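The values are calculated or read from the model by the stated rules, or taken from the named source; none is laboratory data. All figures in this text were calculated on a predicted structure; none of them were measured in a lab. Cβ placement follows ideal geometry from the backbone for every residue including glycine, while neighbour counts extend to all protein chains displayed.
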Amino acid sequence: MTIAFDTTLATAKQLDLQDELASFKQQFHFPKHQEKDVIYFCGNSLGLQPKNVETAVLQELNDWKNLAISGFAKAKNPWLTYQEYLKPTLAKIVGAKEAEVTVMNTLTVNLHLLMLSFYKPTKQRFAIMMEAGAFPSDQYAVETLVKHFGLQPNDIIIEIAPREGEKLLRTEDIVLAIAQHGKSLAMVLFGGINYYTGQLFDIATITASAHKVGAIAGFDLAHVAGNVPIQLHDWDVDFACWCNYKYLNGGPGAVGGLYVHETFATNTNTPRLAGWWGNDEATRFKMEKSFVPKKNASGWNISTAQVLNTVSLKASLELFEVATIEKLRAKSIQLTNYLAFLLHQLPNIQCEIITPQNAEERGAQLSLYFLRNGKAIHQKMIDNGIIVDFREPGVIRVAPAPLYCSFTNVYDFFKILKDCF
Ligand SMILES: *Cc1c(COP(=O)(O)O)cnc(C)c1O
(Lines give C-alpha, C1' and ligand atoms only; values in the text may rest on other atoms or scores of the structure.)
Protein backbone atom coordinates (compact mmCIF):
# COMPACT_ATOMS: atom_id res chain seq x y z
CA MET A 1 0.00 0.00 0.00
CA THR A 2 1.39 3.39 -0.88
CA ILE A 3 0.32 6.33 1.21
CA ALA A 4 -0.48 9.58 -0.58
CA PHE A 5 1.46 12.52 0.84
CA ASP A 6 -0.44 15.32 2.53
CA THR A 7 0.37 17.95 5.16
CA THR A 8 -0.99 16.17 8.24
CA LEU A 9 1.05 14.76 11.09
CA ALA A 10 -1.11 11.64 10.92
CA THR A 11 0.28 10.87 7.48
CA ALA A 12 3.87 11.30 8.67
CA LYS A 13 3.16 8.84 11.46
CA GLN A 14 1.54 6.43 9.03
CA LEU A 15 4.60 6.59 6.79
CA ASP A 16 6.78 5.74 9.79
CA LEU A 17 4.56 2.81 10.70
CA GLN A 18 5.02 1.40 7.21
CA ASP A 19 8.79 1.88 7.25
CA GLU A 20 10.50 -1.46 7.71
CA LEU A 21 13.81 0.28 8.51
CA ALA A 22 12.28 2.46 11.25
CA SER A 23 13.82 0.49 14.13
CA PHE A 24 17.41 1.24 13.03
CA LYS A 25 16.94 4.70 14.53
CA GLN A 26 17.20 3.09 17.97
CA GLN A 27 20.69 1.86 17.16
CA PHE A 28 22.17 5.37 17.08
CA HIS A 29 23.20 7.96 19.66
CA PHE A 30 21.64 11.38 19.11
CA PRO A 31 22.97 14.65 20.54
CA LYS A 32 20.40 16.24 22.88
CA HIS A 33 18.60 19.56 22.62
CA GLN A 34 16.65 20.51 25.75
CA GLU A 35 16.90 16.89 26.89
CA LYS A 36 15.36 15.53 23.70
CA ASP A 37 17.10 13.82 20.77
CA VAL A 38 17.87 16.31 18.03
CA ILE A 39 16.59 15.76 14.51
CA TYR A 40 19.78 15.12 12.62
CA PHE A 41 19.92 16.09 8.94
CA CYS A 42 23.72 16.44 8.74
CA GLY A 43 24.61 12.83 7.99
CA ASN A 44 26.04 14.10 4.70
CA SER A 45 28.82 15.75 6.74
CA LEU A 46 29.27 13.46 9.74
CA GLY A 47 27.08 10.46 10.43
CA LEU A 48 25.81 9.70 13.94
CA GLN A 49 27.50 7.21 16.22
CA PRO A 50 26.02 3.70 16.06
CA LYS A 51 25.51 2.27 19.54
CA ASN A 52 27.58 -0.82 18.75
CA VAL A 53 30.72 1.29 18.21
CA GLU A 54 31.64 1.64 21.87
CA THR A 55 31.86 -2.10 22.54
CA ALA A 56 33.78 -2.60 19.32
CA VAL A 57 36.34 0.08 20.24
CA LEU A 58 36.67 -1.32 23.78
CA GLN A 59 37.37 -4.75 22.31
CA GLU A 60 40.37 -3.41 20.40
CA LEU A 61 41.56 -1.37 23.38
CA ASN A 62 41.38 -4.45 25.60
CA ASP A 63 43.12 -6.64 23.08
CA TRP A 64 45.87 -4.06 22.81
CA LYS A 65 46.04 -3.83 26.62
CA ASN A 66 46.16 -7.58 27.13
CA LEU A 67 47.94 -8.87 24.05
CA ALA A 68 50.13 -6.06 22.74
CA ILE A 69 52.11 -7.41 19.77
CA SER A 70 50.28 -10.75 19.89
CA GLY A 71 47.11 -8.90 18.91
CA PHE A 72 48.17 -8.98 15.27
CA ALA A 73 47.48 -12.71 15.28
CA LYS A 74 45.47 -13.35 18.43
CA ALA A 75 43.10 -10.42 18.88
CA LYS A 76 39.42 -11.29 18.55
CA ASN A 77 39.72 -9.65 15.12
CA PRO A 78 43.37 -10.26 14.28
CA TRP A 79 44.87 -6.91 13.32
CA LEU A 80 47.04 -8.42 10.60
CA THR A 81 44.05 -8.73 8.30
CA TYR A 82 41.90 -5.92 9.66
CA GLN A 83 41.12 -4.35 6.29
CA GLU A 84 39.71 -7.64 5.07
CA TYR A 85 36.76 -7.55 7.50
CA LEU A 86 35.27 -4.51 5.81
CA LYS A 87 35.51 -5.62 2.22
CA PRO A 88 32.37 -7.75 1.81
CA THR A 89 29.96 -5.02 2.92
CA LEU A 90 31.84 -2.16 1.28
CA ALA A 91 31.99 -4.08 -2.00
CA LYS A 92 28.20 -4.42 -1.97
CA ILE A 93 27.73 -0.76 -1.12
CA VAL A 94 29.76 0.45 -4.11
CA GLY A 95 28.96 -2.42 -6.49
CA ALA A 96 32.46 -3.87 -6.72
CA LYS A 97 34.19 -7.21 -6.34
CA GLU A 98 35.84 -7.70 -2.97
CA ALA A 99 39.19 -7.78 -4.74
CA GLU A 100 38.52 -4.25 -6.02
CA VAL A 101 38.12 -2.48 -2.66
CA THR A 102 40.17 -1.74 0.41
CA VAL A 103 40.37 0.79 3.23
CA MET A 104 43.34 2.98 4.06
CA ASN A 105 44.39 6.54 4.91
CA THR A 106 41.73 9.18 4.32
CA LEU A 107 39.86 10.42 1.28
CA THR A 108 42.08 13.20 -0.06
CA VAL A 109 45.23 11.16 0.54
CA ASN A 110 43.73 8.27 -1.40
CA LEU A 111 42.69 10.60 -4.20
CA HIS A 112 46.31 11.74 -4.50
CA LEU A 113 47.59 8.17 -4.53
CA LEU A 114 45.06 7.03 -7.11
CA MET A 115 45.73 9.97 -9.39
CA LEU A 116 49.43 9.17 -9.19
CA SER A 117 48.56 5.66 -10.37
CA PHE A 118 46.29 6.74 -13.20
CA TYR A 119 47.33 10.16 -14.42
CA LYS A 120 50.19 9.87 -16.88
CA PRO A 121 50.34 13.09 -18.88
CA THR A 122 51.97 13.00 -22.30
CA LYS A 123 52.51 15.74 -24.90
CA GLN A 124 49.26 14.73 -26.62
CA ARG A 125 47.17 13.62 -23.65
CA PHE A 126 47.32 15.72 -20.52
CA ALA A 127 43.95 17.33 -19.74
CA ILE A 128 41.92 16.62 -16.59
CA MET A 129 38.19 17.32 -16.65
CA MET A 130 36.26 18.11 -13.48
CA GLU A 131 32.92 19.59 -12.53
CA ALA A 132 33.13 23.32 -11.74
CA GLY A 133 32.55 23.87 -8.03
CA ALA A 134 34.01 20.52 -7.00
CA PHE A 135 34.73 20.07 -3.29
CA PRO A 136 37.73 22.31 -2.47
CA SER A 137 39.93 19.44 -1.27
CA ASP A 138 39.54 17.77 -4.68
CA GLN A 139 40.34 21.03 -6.45
CA TYR A 140 43.50 21.45 -4.37
CA ALA A 141 44.50 17.84 -4.95
CA VAL A 142 44.26 18.19 -8.73
CA GLU A 143 45.89 21.63 -8.78
CA THR A 144 48.91 20.40 -6.82
CA LEU A 145 49.14 17.12 -8.72
CA VAL A 146 49.40 19.08 -11.94
CA LYS A 147 52.13 21.29 -10.48
CA HIS A 148 53.90 18.19 -9.21
CA PHE A 149 54.28 17.16 -12.86
CA GLY A 150 55.71 20.60 -13.64
CA LEU A 151 52.58 21.62 -15.54
CA GLN A 152 50.35 24.68 -15.22
CA PRO A 153 46.86 24.07 -13.78
CA ASN A 154 45.33 26.52 -16.27
CA ASP A 155 46.72 24.51 -19.20
CA ILE A 156 45.52 21.19 -17.83
CA ILE A 157 42.31 21.48 -15.84
CA ILE A 158 39.04 21.82 -17.73
CA GLU A 159 36.05 22.68 -15.53
CA ILE A 160 32.58 21.96 -16.82
CA ALA A 161 30.01 24.47 -15.56
CA PRO A 162 26.21 24.56 -15.82
CA ARG A 163 24.71 26.60 -18.65
CA GLU A 164 24.11 30.30 -18.14
CA GLY A 165 21.21 30.74 -15.72
CA GLU A 166 21.23 27.08 -14.62
CA LYS A 167 22.57 25.54 -11.42
CA LEU A 168 22.94 21.92 -12.48
CA LEU A 169 25.11 20.22 -15.05
CA ARG A 170 23.39 18.43 -17.90
CA THR A 171 24.74 14.98 -18.69
CA GLU A 172 24.56 15.78 -22.42
CA ASP A 173 26.88 18.76 -21.85
CA ILE A 174 29.37 16.62 -19.94
CA VAL A 175 29.32 14.00 -22.69
CA LEU A 176 29.80 16.67 -25.35
CA ALA A 177 32.70 18.29 -23.49
CA ILE A 178 34.44 14.93 -23.11
CA ALA A 179 34.06 14.28 -26.84
CA GLN A 180 35.27 17.77 -27.76
CA HIS A 181 38.40 17.48 -25.64
CA GLY A 182 38.80 13.80 -26.47
CA LYS A 183 42.23 13.92 -28.09
CA SER A 184 43.91 15.72 -25.21
CA LEU A 185 41.89 14.25 -22.35
CA ALA A 186 43.86 12.05 -19.95
CA MET A 187 41.43 11.80 -17.06
CA VAL A 188 37.89 12.67 -16.05
CA LEU A 189 37.53 13.19 -12.31
CA PHE A 190 34.08 13.90 -10.93
CA GLY A 191 32.45 13.95 -7.54
CA GLY A 192 29.70 11.30 -7.67
CA ILE A 193 27.32 13.73 -5.99
CA ASN A 194 28.13 17.42 -5.85
CA TYR A 195 28.31 18.34 -2.15
CA TYR A 196 26.64 21.72 -2.67
CA THR A 197 23.82 21.10 -5.14
CA GLY A 198 23.23 17.47 -4.23
CA GLN A 199 23.26 16.53 -7.92
CA LEU A 200 24.04 12.86 -8.57
CA PHE A 201 26.04 12.54 -11.76
CA ASP A 202 25.49 9.80 -14.30
CA ILE A 203 28.60 7.81 -13.39
CA ALA A 204 27.99 5.08 -15.99
CA THR A 205 27.56 7.53 -18.87
CA ILE A 206 30.49 9.71 -17.85
CA THR A 207 32.71 6.63 -17.58
CA ALA A 208 31.62 5.30 -20.98
CA SER A 209 32.23 8.71 -22.58
CA ALA A 210 35.69 8.98 -21.04
CA HIS A 211 36.62 5.50 -22.23
CA LYS A 212 35.33 6.24 -25.71
CA VAL A 213 38.00 8.91 -26.14
CA GLY A 214 40.68 6.88 -24.37
CA ALA A 215 40.62 8.71 -21.02
CA ILE A 216 40.58 7.33 -17.49
CA ALA A 217 37.41 7.80 -15.38
CA GLY A 218 37.78 8.36 -11.63
CA PHE A 219 35.24 9.43 -9.03
CA ASP A 220 35.18 10.91 -5.56
CA LEU A 221 32.25 9.15 -3.94
CA ALA A 222 32.24 11.01 -0.60
CA HIS A 223 28.52 11.81 -0.92
CA VAL A 224 27.56 8.61 -2.69
CA ALA A 225 28.97 5.81 -0.55
CA GLY A 226 26.23 4.48 1.73
CA ASN A 227 23.75 6.87 0.15
CA VAL A 228 23.02 5.63 -3.38
CA PRO A 229 23.69 2.10 -4.67
CA ILE A 230 26.14 2.13 -7.57
CA GLN A 231 27.83 -0.48 -9.78
CA LEU A 232 31.46 0.53 -10.08
CA HIS A 233 32.60 -2.77 -11.55
CA ASP A 234 29.82 -3.19 -14.11
CA TRP A 235 30.07 0.44 -15.13
CA ASP A 236 33.78 -0.10 -15.73
CA VAL A 237 34.86 2.79 -13.51
CA ASP A 238 38.67 2.85 -13.33
CA PHE A 239 39.17 4.17 -9.82
CA ALA A 240 37.24 5.72 -6.97
CA CYS A 241 37.68 6.80 -3.39
CA TRP A 242 35.38 7.95 -0.64
CA CYS A 243 35.32 8.86 3.02
CA ASN A 244 33.52 6.64 5.49
CA TYR A 245 32.39 9.23 8.02
CA LYS A 246 29.47 10.75 6.11
CA TYR A 247 26.59 8.39 5.25
CA LEU A 248 28.64 5.39 6.42
CA ASN A 249 28.91 6.60 10.04
CA GLY A 250 32.53 5.52 10.55
CA GLY A 251 33.29 8.45 12.89
CA PRO A 252 35.34 11.65 12.50
CA GLY A 253 38.37 11.10 10.29
CA ALA A 254 37.57 7.40 9.83
CA VAL A 255 39.70 5.34 7.48
CA GLY A 256 38.96 6.06 3.79
CA GLY A 257 37.67 3.70 1.09
CA LEU A 258 39.35 2.92 -2.21
CA TYR A 259 38.31 1.08 -5.38
CA VAL A 260 40.47 0.03 -8.31
CA HIS A 261 38.91 -1.84 -11.24
CA GLU A 262 39.93 -5.48 -11.42
CA THR A 263 41.78 -4.91 -14.70
CA PHE A 264 44.25 -2.63 -12.92
CA ALA A 265 44.01 -4.16 -9.45
CA THR A 266 45.16 -7.59 -10.62
CA ASN A 267 47.90 -6.15 -12.81
CA THR A 268 51.00 -5.87 -10.64
CA ASN A 269 52.49 -3.49 -13.22
CA THR A 270 49.91 -0.79 -12.49
CA PRO A 271 52.03 2.03 -11.08
CA ARG A 272 51.59 2.99 -7.45
CA LEU A 273 53.39 4.40 -4.45
CA ALA A 274 53.91 1.39 -2.24
CA GLY A 275 54.59 0.28 1.29
CA TRP A 276 54.97 -3.09 2.97
CA TRP A 277 51.27 -3.59 3.67
CA GLY A 278 50.56 -3.74 -0.05
CA ASN A 279 53.15 -6.44 -0.52
CA ASP A 280 52.12 -10.03 -1.11
CA GLU A 281 51.53 -11.61 2.31
CA ALA A 282 53.62 -14.65 1.42
CA THR A 283 56.76 -12.52 1.30
CA ARG A 284 55.86 -9.44 3.34
CA PHE A 285 57.67 -10.51 6.47
CA LYS A 286 60.71 -11.84 4.69
CA MET A 287 61.72 -8.20 4.57
CA GLU A 288 63.43 -8.64 1.23
CA LYS A 289 64.22 -6.19 -1.54
CA SER A 290 61.73 -5.44 -4.33
CA PHE A 291 58.04 -4.78 -3.89
CA VAL A 292 55.67 -7.56 -4.95
CA PRO A 293 52.15 -6.10 -4.95
CA LYS A 294 49.11 -8.05 -3.89
CA LYS A 295 46.97 -8.88 -6.90
CA ASN A 296 43.99 -6.88 -5.68
CA ALA A 297 43.11 -3.40 -4.43
CA SER A 298 45.01 -4.14 -1.21
CA GLY A 299 48.12 -3.77 -3.34
CA TRP A 300 47.54 -0.03 -2.78
CA ASN A 301 47.69 -0.36 1.01
CA ILE A 302 50.86 1.26 2.22
CA SER A 303 50.95 1.06 5.99
CA THR A 304 49.89 -1.20 8.83
CA ALA A 305 46.14 -1.53 9.26
CA GLN A 306 44.82 1.49 11.20
CA VAL A 307 42.82 -0.54 13.68
CA LEU A 308 41.60 2.27 15.91
CA ASN A 309 40.63 4.30 12.89
CA THR A 310 38.79 1.40 11.28
CA VAL A 311 36.98 -0.29 14.14
CA SER A 312 34.05 2.17 14.22
CA LEU A 313 33.46 1.70 10.52
CA LYS A 314 33.60 -2.06 10.95
CA ALA A 315 30.85 -1.79 13.58
CA SER A 316 28.79 0.63 11.51
CA LEU A 317 28.94 -1.60 8.43
CA GLU A 318 27.22 -4.35 10.42
CA LEU A 319 24.08 -2.19 10.29
CA PHE A 320 24.41 -1.65 6.54
CA GLU A 321 24.80 -5.38 6.06
CA VAL A 322 21.40 -5.94 7.69
CA ALA A 323 19.55 -2.90 6.32
CA THR A 324 21.02 -3.23 2.78
CA ILE A 325 21.82 -0.28 0.56
CA GLU A 326 18.90 -1.08 -1.75
CA LYS A 327 16.28 -0.78 1.00
CA LEU A 328 17.97 2.31 2.37
CA ARG A 329 17.81 3.90 -1.05
CA ALA A 330 14.11 3.11 -1.46
CA LYS A 331 13.34 4.78 1.87
CA SER A 332 15.64 7.68 1.07
CA ILE A 333 13.81 8.43 -2.18
CA GLN A 334 10.52 8.43 -0.30
CA LEU A 335 11.97 10.78 2.34
CA THR A 336 13.23 13.36 -0.15
CA ASN A 337 10.05 13.10 -2.23
CA TYR A 338 8.04 13.73 0.93
CA LEU A 339 10.23 16.69 1.90
CA ALA A 340 9.94 18.17 -1.61
CA PHE A 341 6.16 17.67 -1.53
CA LEU A 342 5.85 19.49 1.80
CA LEU A 343 8.06 22.36 0.63
CA HIS A 344 5.83 22.81 -2.41
CA GLN A 345 2.89 23.37 -0.04
CA LEU A 346 4.60 26.55 1.17
CA PRO A 347 4.41 28.88 -1.84
CA ASN A 348 5.32 31.96 0.21
CA ILE A 349 8.71 30.88 1.47
CA GLN A 350 10.65 31.88 -1.66
CA CYS A 351 12.71 28.78 -1.55
CA GLU A 352 14.22 27.10 -4.55
CA ILE A 353 15.19 23.43 -4.34
CA ILE A 354 18.42 23.50 -6.32
CA THR A 355 18.88 19.72 -6.12
CA PRO A 356 17.39 17.83 -9.13
CA GLN A 357 13.62 17.24 -8.97
CA ASN A 358 14.07 13.73 -10.29
CA ALA A 359 14.93 11.41 -7.38
CA GLU A 360 17.16 9.34 -9.69
CA GLU A 361 19.46 12.34 -10.03
CA ARG A 362 20.02 12.96 -6.36
CA GLY A 363 20.77 11.17 -3.11
CA ALA A 364 19.47 11.85 0.39
CA GLN A 365 20.24 15.57 0.31
CA LEU A 366 18.05 18.45 -0.78
CA SER A 367 19.77 21.83 -1.02
CA LEU A 368 17.30 24.61 -0.35
CA TYR A 369 18.17 28.06 -1.58
CA PHE A 370 16.29 30.70 0.40
CA LEU A 371 16.17 33.99 -1.47
CA ARG A 372 15.57 35.76 1.85
CA ASN A 373 16.24 35.00 5.51
CA GLY A 374 18.30 31.84 4.95
CA LYS A 375 20.47 32.54 7.96
CA ALA A 376 17.50 33.32 10.23
CA ILE A 377 15.74 30.13 9.13
CA HIS A 378 18.86 28.12 9.83
CA GLN A 379 19.05 29.63 13.33
CA LYS A 380 15.40 28.85 13.92
CA MET A 381 16.03 25.20 13.04
CA ILE A 382 18.98 24.99 15.42
CA ASP A 383 16.91 26.65 18.18
CA ASN A 384 14.31 23.94 17.66
CA GLY A 385 16.76 21.06 17.80
CA ILE A 386 16.95 20.41 14.05
CA ILE A 387 20.53 20.07 12.86
CA VAL A 388 21.00 21.25 9.27
CA ASP A 389 23.87 23.22 7.78
CA PHE A 390 24.04 26.60 6.10
CA ARG A 391 26.18 27.65 3.14
CA GLU A 392 26.40 31.15 1.73
CA PRO A 393 24.56 32.84 0.11
CA GLY A 394 21.44 31.19 1.53
CA VAL A 395 21.58 27.45 1.09
CA ILE A 396 20.38 25.07 3.77
CA ARG A 397 21.37 21.47 3.06
CA VAL A 398 18.89 18.96 4.45
CA ALA A 399 19.95 15.31 4.36
CA PRO A 400 17.52 12.90 6.02
CA ALA A 401 19.72 9.80 6.22
CA PRO A 402 17.37 6.83 6.00
CA LEU A 403 19.12 4.78 8.71
CA TYR A 404 18.17 7.17 11.50
CA CYS A 405 15.74 9.78 10.13
CA SER A 406 11.98 9.36 10.08
CA PHE A 407 9.11 10.82 8.12
CA THR A 408 7.99 12.55 11.31
CA ASN A 409 11.42 14.24 11.46
CA VAL A 410 10.81 15.61 7.97
CA TYR A 411 7.34 16.71 9.00
CA ASP A 412 8.77 18.58 12.02
CA PHE A 413 11.19 20.43 9.74
CA PHE A 414 8.26 21.45 7.54
CA LYS A 415 6.21 22.59 10.53
CA ILE A 416 8.96 24.84 11.86
CA LEU A 417 9.63 26.23 8.40
CA LYS A 418 5.93 27.00 8.01
CA ASP A 419 5.98 28.94 11.28
CA CYS A 420 8.84 31.10 9.97
CA PHE A 421 6.46 32.83 7.54
C1 LIG B 1 33.81 15.36 2.49
C2 LIG B 1 34.56 15.43 1.24
C3 LIG B 1 35.97 15.39 1.22
C4 LIG B 1 36.75 15.37 2.50
O5 LIG B 1 38.01 14.82 2.33
P6 LIG B 1 38.89 14.31 3.56
O7 LIG B 1 40.18 13.99 2.96
O8 LIG B 1 38.18 13.14 4.16
O9 LIG B 1 38.95 15.43 4.57
C10 LIG B 1 36.60 15.41 -0.01
N11 LIG B 1 35.91 15.44 -1.18
C12 LIG B 1 34.55 15.48 -1.18
C13 LIG B 1 33.82 15.50 -2.48
C14 LIG B 1 33.85 15.50 0.01
O15 LIG B 1 32.51 15.57 0.00
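Taking the stretch 379-421 as the range and being among the small types (G, A, S) and either on the phi > 0 side of the Ramachandran plot or surrounded by fewer than 22 Cβ atoms within 10 Å (Cβ to Cβ) (or both) as the test, the residues that pass are G385, G394, S406. Being in contact with an Asp or Glu (Cβ under 6 Å, 6 or more places away or on another chain), over 24 Å from A265 (Cα atoms) and either in a helix (DSSP H, G or I) or among the polar types (S, T, N, Q) (or both), is that true of even one residue in the stretch 114-125? No, because not a single residue in the stretch 114-125 is in contact with an Asp or Glu (Cβ under 6 Å, 6 or more places away or on another chain), over 24 Å from A265 (Cα atoms) and either in a helix (DSSP H, G or I) or among the polar types (S, T, N, Q) (or both). Within the stretch 269-313, the residues that satisfy the criterion of being surrounded by fewer than 20 Cβ atoms within 10 Å (Cβ to Cβ), hydroxyl-bearing (S, T, Y) and in contact (Cβ under 8 Å) with a residue 12 or more places away in the chain are T270, S303, T304. Per the listing A73, A99, A68, the residue uniquely surrounded by 15 or more Cβ atoms within 10 Å (Cβ to Cβ), away from the ligand (no atom under 16 Å from the Cβ) and either under 29 Å from Q306 (Cβ atoms) or not aliphatic (A, V, I, L, M) (or both) is A99. For residues in the stretch 79-122 being among the acidic types (D, E) and farther than 26 Å from A186 by Cα, which is farthest from the chain's Cα centre (by Cα)? Here the answer is E84. Taking each residue of the stretch 132-147 that is farther than 15 Å from A222 by Cα and looking for partners that are part of a helix (DSSP H, G or I) and away from the ligand (no atom under 11 Å from the Cβ) with beta-carbon atoms closer than 7 Å, six or more apart or interchain, yields E143/P153; L145/M115; V146/P153; V146/I156; K147/P153. Of the helices (runs of 4 or more DSSP H) lying entirely inside the stretch 128-210, the ones with 2 or more residues being within 16 Å of the ligand (Cβ to nearest atom) and under 17 Å from the mean Cα position of the chain (by Cα) are found at 136-148.
Put simply, of L168, L185 the only residue that is at pLDDT 95 or above and touching a Pro at 6+ places or on another chain (Cβ under 6 Å) is L168. Within the stretch 4-19, the set of residues being surrounded by 11 or more Cβ atoms within 10 Å (Cβ to Cβ), more than 30 Å from the chain's Cα centre (by Cα) and not charged (D, E, K, R) comprises T7, L9, T11, Q14.
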